[in-house]
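First the structure, in the form of structure tokens, and then the observations on it.
Read-outs: derived from the displayed coordinates by stated rules, not from any lab. Note that the structure is predicted; figures quoted are calculated from it, not measured. Virtual Cβ from ideal backbone geometry, glycine too; neighbours counted across all protein chains shown.
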Amino acid sequence: MATVARIISAEGAQEEVITRFDIHQIIQHAGLMVSFILLAVTGLPLKFPDWAVSQWWAGVWGGIETLRATHHFAAWMMGAVALYHALYILYSVLILKKPFPVKMLPSWRDFIVFFQELGYFLGLRKERPLVDRFHWREKFDYWAIFWGMPVMGISGFIMMYPVWATKFLPGWVVPAALVAHSDEAMLALIWIFMVHIFFNHFAPGVFPLNTSIFTGKVSRERYRREHPLEYERLTGTDERKEAE
Amino acid sequence: MRGLALSLAAGFASAVVMLAFSGGQIYALDENNCLSCHGNPELTKTNGEGKEVSLYVSEEAVNTAAHRFIDCTTCHTAQPHQVNTPLTKLSLAQKCGTCHQYQYKLHLQSVHGQQLAQGNPDVATCVDCHSPTGNPHSVIRVLEYSAPAYKKNIAQTCAKCHDNEELMASYGIVEKVYESYMRSFHGKAIQLGTYEITQLDKATCTNCHGYHDIKSTRDPTSPVSGVQNLAKTCEQCHPGAGVEFARGFLGHKEASPENIPAAHYTEVFFTILLTVVVVAGAFVVVTAVVRFAINRWREE
């Protein structure tokens, strides 16, 4: 859970920050990011093999064998991160007896917020909707990975060991795994580079980079702006009423 | 010891002299000076049918050909001006077969060779796959990077005929074999690999279909006819591959409701998912960009 703390910023000025992520979450995101980028740069040439840039890039890596070995390595790394995350959740719920992180579960309110925000972007509403601990995009990112991880993991595993897989599975799983792996990868890649990168690098208030997932800390001011509902709960203040 | 040093020095000196005088150019063996006339691009004759045919032999091509040290008369007989052999695809193969007997024998048993024997001019003869220009004088060794039969180039060489939709349709071959190969794991691996032979241990057309003895897929003795034969062919590179592994092969066709429907419906599902999510995401980002731009503009 988020806590309020004071840190001394690099400039020496006191800045109030709120801890948003713990060390495990920071490591999980970093591992996911590194393995995702590795998988993308080693997987894309296979998706577009006739592009000159793919052939050049495969040469840079020292040929398709290295490319493939790196892709497999990054895949195991991503699998390890997924396992780490699952164990982390289980450990905090079962051993540490922390409450189950229900705030990540999608709710009806997320759909309302989605359309309210779209209404704000389209100029139909004056205000942005108020967000609790997780924005609908953050939940979407999380659950997209939750769905994508088994899809990519299972289809990738079938393609890594096709002979073994067809020992007890029907032959069609191999071509089916290929289309699933390829399309789901493009989906993840487009979403991350179009939506995730835009809202975490280029949107006003975070440009050039929203550092919260790397440091775990968010300034009090930004927390109030971006997650007002949780901020109110944390600080016990109702900023909106005070402002009136 | 002194003798050894002297001979080393002498060897080095003679190597330098040889290199200095060689100039890097290799000339084809031309014992009878055939090229003094046939090296002229304008040399022609009028054949029995009254058609003008070129008698030109490119010296440049011959100098780099695999047979550059075999004299012209080896193939063209000791009295090259006396003979009047009909030049057909079959007679060309016969000529190669006088030395390359084993390959010629296999070729005659292949689907190409059988058609060749029946006088079909469509099918491949030796030079169609072994000469970059189709000219017998330009035949080069298989391990040269520019050789049409070099591993990296084989698919393109087969595609010269097998990617010709009209020609293939006349033989009842409707599958887009070249395109589907290039989309496959094997094709992608060959495309992304360099020309180094160590990068080319991937299957291309000939690894499954055979080369000199290539069979029609409808021939029950073809290595790819029927799932049993296919599984054995897969196993050459994929140890332990069984019949079920071979059943996963799309047969050079797209997945469809008739051809491995599960793969087809997987594709449909993921295409819809991809399209819906990407369109929704793009809409959110574009509207957000417009909104943030308007906000900024109003502030100023």
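Assorted remarks:
- Radius 11 Å from Cβ of B:T44, net charge of other residues (Lys, Arg +1; Asp, Glu -1): 0
- Likely footprinting exposure, B:F269, A:F207, fewest C-beta neighbours within 10 Å first: A:F207, B:F269
- Taking the helices alone, chain A has a mean residue ellipticity at 222 nm of -19500 deg cm²/dmol, built from -39,500 (n - 2.57) per DSSP H run of at least 4 residues and averaged over all its residues.
- Within the range B:203-249, the percentage of alpha carbon pairs spaced more than 15 angstrom apart rounds to 38%.
- For the range A:135-215: span of alpha carbons on each principal axis (Å, largest first): 54, 21, 19
- Electrostatic dipole magnitude of the protein assembly as shown [Cβ: Lys, Arg +1; Asp, Glu -1; Cα centre; debye, to 20]: 1280 debye
- With neighbours defined as other Cβ atoms within 10 Å of a residue's Cβ, the residues A:V195, B:V16 order from fewest to most as B:V16, A:V195.
- On Cα atoms only, tilt of A:23-47 relative to the major axis of chain A in degrees: 40 degrees
- Cα gyration tensor shape of the range A:50-154, rounded if a/c is under 1.5, else prolate or oblate by comparing a/b with b/c: oblate
- In the range B:1-75, the chymotrypsin sites (Phe, Trp or Tyr not before Pro) that fall in loop regions by DSSP, at most 14 other Cβ within 10 Å: B:Y27, B:F69
- Principal axis analysis of the Cα atoms in the protein assembly as shown yields extents of 112, 71, 55 Å, listed in decreasing size.
- Quotient of C-alpha Rg and 2.2 N^0.38 Å, computed over the range B:1-69: 1.92
- 21 Å tail of the calculated P(r), the range B:158-300, as % of Cα pairs: 60 percent
- With at most 12 neighbouring Cβ atoms within 10 Å, loop trypsin sites (Lys or Arg not before Pro) (DSSP) excluded, longest segment of chain A: A:127-244
- Taking every full run of DSSP H in chain B, the ones that stretch at least 20 Å from end to end by Cα along their long axis and average 1.0 or higher on the Kyte-Doolittle scale are B:2-22, B:261-299.
- Cα centroid separation, the range B:155-172 to the range B:72-118: 24 Å.
- Label-to-label distance, nm, for residues given as B:T73 and B:Q228 (7 Å Cα→Cβ offset): 5.6 nm
- At most 10 other Cβ within 10 Å, DSSP loop - trypsin sites (Lys or Arg not before Pro), the range B:191-258: B:R218
- Helix-derived mean residue ellipticity, 222 nm - over chain B, DSSP H n ≥ 4, -39500 (n - 2.57), to 500: -15000 deg cm²/dmol
- Anisotropy class of chain B from Cα gyration tensor, a/c 1.5 cut: prolate
- Qualifying GluC sites (Glu not before Pro) in the range B:197-264, DSSP loop, other Cβ atoms within 10 Å at most 10: B:E258
- Acute angle (nearest 10 degrees) that the helix A:136-160 long axis makes with the longest principal axis of chain A, alpha-carbon atoms: 20 degrees
- Across B:K151/B:K176; B:K105/B:K253; B:K95/B:K232; A:K167/B:K160; A:K47/B:K89, pairs whose alpha-carbon gap is larger than 31 Å: B:K105/B:K253; B:K95/B:K232; A:K167/B:K160; A:K47/B:K89
- Ellipsoid semi-axes in whole angstrom, largest first, where each is sqrt(5λ) of the Cα gyration tensor of the range A:21-100: 36, 10, 9
- Between the helical axis of A:64-90 and the longest alpha-carbon principal axis of chain A there is an angle of about 40 degrees.
- Its residues counted as N, chain A yields a C-alpha radius of gyration over 2.2 N^0.38 Å of 1.20.
- Considered as an equivalent ellipsoid built on the Cα gyration tensor, the range B:23-128 has semi-axes of 26, 19, 13 Å, the largest given first.
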